[in-house]
Structures are given as C-alpha cells and as structure tokens.
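Reading through the structure tokens given below for one structure.
Each value in this text was obtained by applying a stated rule to the coordinates, not by laboratory testing. For clarity, every value in this text was computed on a predicted model and none was experimentally measured. Cβ sites come from the backbone with ideal geometry, for glycine too, and all protein chains shown count toward neighbours.
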Amino acid sequence: MNLDLKEISDHKNFEDLIVSYFQDLINEKADNILNIDVKPSGTGIDGGRDILVTFQVSDTISTFRRRWVIQCKFHNSDISTDKISDINIPTLLYSYNASGYLLVCKQKPTSKLTELFERLERECRLENKYMVWGGEQLKRSIIVKSNQSILQQYFPAYFEYCVVNNILKK
C-alpha cells in the first residue's frame, strides 16, 4: 500500500496538512533552522496566499530570515497556468516581503506551468525562488520528513497499514 492523497477529503484538510508539514519541520532539529513560523491565511479569498512560512536560519556567520508564500491547489486534474492566471506572483512576493513562492498541487503541474516557474526563477533579478510540488513530490516529502502523528491524522489507512506491517512503531 502506498500513501494516497485520496485520503485527504477536501481543500481545507489539504491546506491543514501542508501547515502541519511545515510546522513539524522544526522537530527535525536541522542545524541551520532555528525557528519556523507558519501562518495560514484563514477562510475566504486569499489572493494566492494560503500559507505564509518564515524560516529563521543561521549560516554560522549570521542569522537571517527566508519567507515563502505557499498556495495549495486541491484539484482532481493536473494544474495548468490558467489555475493561477489571476495572480501576479512577483508582486505577491513583494507584498509579503517574501523570497519564495511554492505552489503545492494534489495532482501534477502541466509542462506550461513548470516552464512558467522555471522562467520566473531564471529571469528574476532578486534571486527569488519559484517552486511547484506535484502530488508525487508532496507524498515523498511527507513520507521522508513527517512524523507519525501527521501520518495518523491525515492518512489513517496508510498509517494503519504501516503499523500492522511493522513499517512504523506506535
């Protein structure tokens, strides 16, 4: 049995999963991450920002901040550029004083959407980052980085399978 995003019931649960994923990263105790602040946008029209994540990072010389605007797309079809066409992503980054935009999709991004993100990053003079995670990349990240409580809460069937088969320990 594989981890299946079909266990996620709706877009709100999908956004909650992404919030939990980033909040849980602080538990990894990565040497360079000092703190993570995760702020969901709440209900209503969000203008392209579902979650705002701020990392406080140290490179052993100084401490600095990196902020990401995260948008979640819980669609049953591949995500194309028309699903985000009403958002000016560079302006959105500027308005939140962010240096990265991450689009997290339940399904795959289309090649045109991937090309758009590659072009935005290549042509950006401010060294901003533009990333898109498709469903498969999201699942890999969850399996590698998430703790058991996230798997139990959002993927109960997969969690139970892992416990029964001694893949995870309770």
- Out of all the residues in segment 125-135, is one or more in contact with a strand residue (DSSP E or B) (Cβ under 7 Å, 6 or more places away or on another chain), over 22 Å from D16 (Cα atoms) and of a type outside the set (G, A, S)? yes
- Query: Could you give every pair whose Cβ atoms fall below 9 Å, whose first residue belongs to segment 86-109 and is within 24 Å of N13 (Cβ to Cβ) and without any contact (Cβ under 8 Å) to a residue 60 or more places away in the chain, and whose second residue is surrounded by fewer than 22 Cβ atoms within 10 Å (Cβ to Cβ) and among the acidic types (D, E), counting only separations of at least 6 or pairs across chains?
  - Reply: C105/D78; Q107/D78; K108/D78; K108/E136; P109/D78
- Matching option when the condition is in contact with a His (Cβ under 6 Å, 6 or more places away or on another chain), surrounded by 13 or more Cβ atoms within 10 Å (Cβ to Cβ) and of a type outside the set (D, E, K, R), among F74, F22, F55: F74
- Note on the structure: The residue that is surrounded by the fewest Cβ atoms within 10 Å (Cβ to Cβ), considering only those in segment 138-170 that are within 17 Å of I18 (Cβ to Cβ) and β-branched (V, I, T), is V144
- Note on the structure: Checked segment 1-19 for anything more than 18 Å from F159 (Cβ to Cβ) and either surrounded by fewer than 17 Cβ atoms within 10 Å (Cβ to Cβ) or hydroxyl-bearing (S, T, Y) (or both); matches are D10, H11, K12
- Residues Y96, Y101: which one is more than 26 Å from S77 (Cβ to Cβ), in contact with a strand residue (DSSP E or B) (Cβ under 8 Å, 6 or more places away or on another chain) and surrounded by 14 or more Cβ atoms within 10 Å (Cβ to Cβ)? Y96
- Task: Could you check how many residues of segment 152-168 are among the aliphatic types (A, V, I, L, M) and part of a helix (DSSP H, G or I)?
- Result: 3
- Checked segment 8-28 for anything closer than 17 Å to N147 by Cβ and either part of a loop (DSSP other than H, G, I, E, B) or of a type in the set (F, W, Y) (or both); matches are Y21, F22
